[in-house]
1. Select from the stretch 101-127 the residues that are acidic (Asp, Glu) and either in a strand (DSSP E or B) or in contact with a Ser or Thr (Cβ under 9 Å, 6 or more places away or on another chain) (or both) and write down the one among them that is surrounded by the fewest Cβ atoms within 10 Å (Cβ to Cβ).
2. Any chance the stretch 138-148 includes a residue that's exposed (fewer than 12 other Cβ atoms within 10 Å of the Cβ) and closer than 24 Å to THR50 by Cα?
3. Taking the residues in the stretch 68-78 that are closer than 16 Å to GLU28 by Cα and of a type outside the set (Asp, Glu) as candidates, determine which candidate is surrounded by the most Cβ atoms within 10 Å (Cβ to Cβ).
4. So, of the residues in the stretch 41-79 that are of a type in the set (Val, Ile, Thr) and without any contact (Cβ under 8 Å) to a residue 40 or more places away in the chain, which turns out to be nearest to LEU21 (Cα to Cα)?
5. Limited to the stretch 128-151, what total is found for residues that are part of a strand (DSSP E or B), in contact (Cβ under 8 Å) with a residue 12 or more places away in the chain and either more than 14 Å from PRO83 (Cβ to Cβ) or β-branched (Val, Ile, Thr) (or both)?
6. Go through (1) within 23 Å of ILE32 (Cα to Cα); (2) surrounded by fewer than 16 Cβ atoms within 10 Å (Cβ to Cβ); (3) of a type in the set (A, V, I, L, M) one by one and return the number of the condition MET52 breaks.
7. Tell me yes or no: at least one residue of the stretch 83-98 is under 19 Å from TYR24 (Cβ atoms), in a loop (DSSP other than H, G, I, E, B) and of a type in the set (A, V, I, L, M, F, W, C).
8. Evaluate the stretch 56-67: report whether one residue or more is within 24 Å of GLU30 (Cα to Cα), in a strand (DSSP E or B), among the acidic types (Asp, Glu) and modelled with pLDDT of 95 or more.
Amino acid sequence: MRHLLILPVLLLCGCTEKSKLVPYHRLEGEWIYQKGEEYFCEKWEIKNDTLMLGTSFMTIKGDTVFNEDLKLNFSNGAVYYTPTVPDQNAGKAVRFALAKRLPDLWIFRNEQHDFPTEIIYRFKGKDSLIATVQGNQNGRLQKIDFQLQKK
């Protein structure tokens, strides 16, 4: 009988643990920014309740100037945003830990990284998102905003 009481508790804990990434599922889909000949696209796909995979790229005049693979995952009790840029950091992933989460604001931080040290997602309704990368470069705060629309 004692074992029967433990099973529901374990199931509830397991469900709580696995559902940690569900609030981030609103990122799923394709988000774009276009201004003149500059085009930026970020795509996210839900793999399960603890993992989302994405890609982003930027083109200017049709030439790709930037691309990266993205991962958002829940692991060891924390949420991580992990980009991998082929021509940066020797092609190795850089992990940013969730530092703050409000319903419409997520801040991921890695103080050890050169630039950016923060990646910020600020939702403006269901179909609008401002993605920001920021950090210090040469002793000054540098900030790049991408005002994205859901496609």
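1. GLU111
2. No: the stretch 138-148 contains no residue that is exposed (fewer than 12 other Cβ atoms within 10 Å of the Cβ) and closer than 24 Å to THR50 by Cα.
3. LEU72
4. So the residue we want is THR50.
5. Residues meeting the conditions: 15.
6. Single failed check for MET52: (2).
7. yes
8. yes
The values are calculated or read from the model by the stated rules, or taken from the named source; none is laboratory data. In this text, all values refer to a predicted model and were calculated from it rather than measured experimentally. Please note: Cβ atoms are built from the backbone with ideal geometry, for glycine as well, and neighbour counts cover all protein chains shown.
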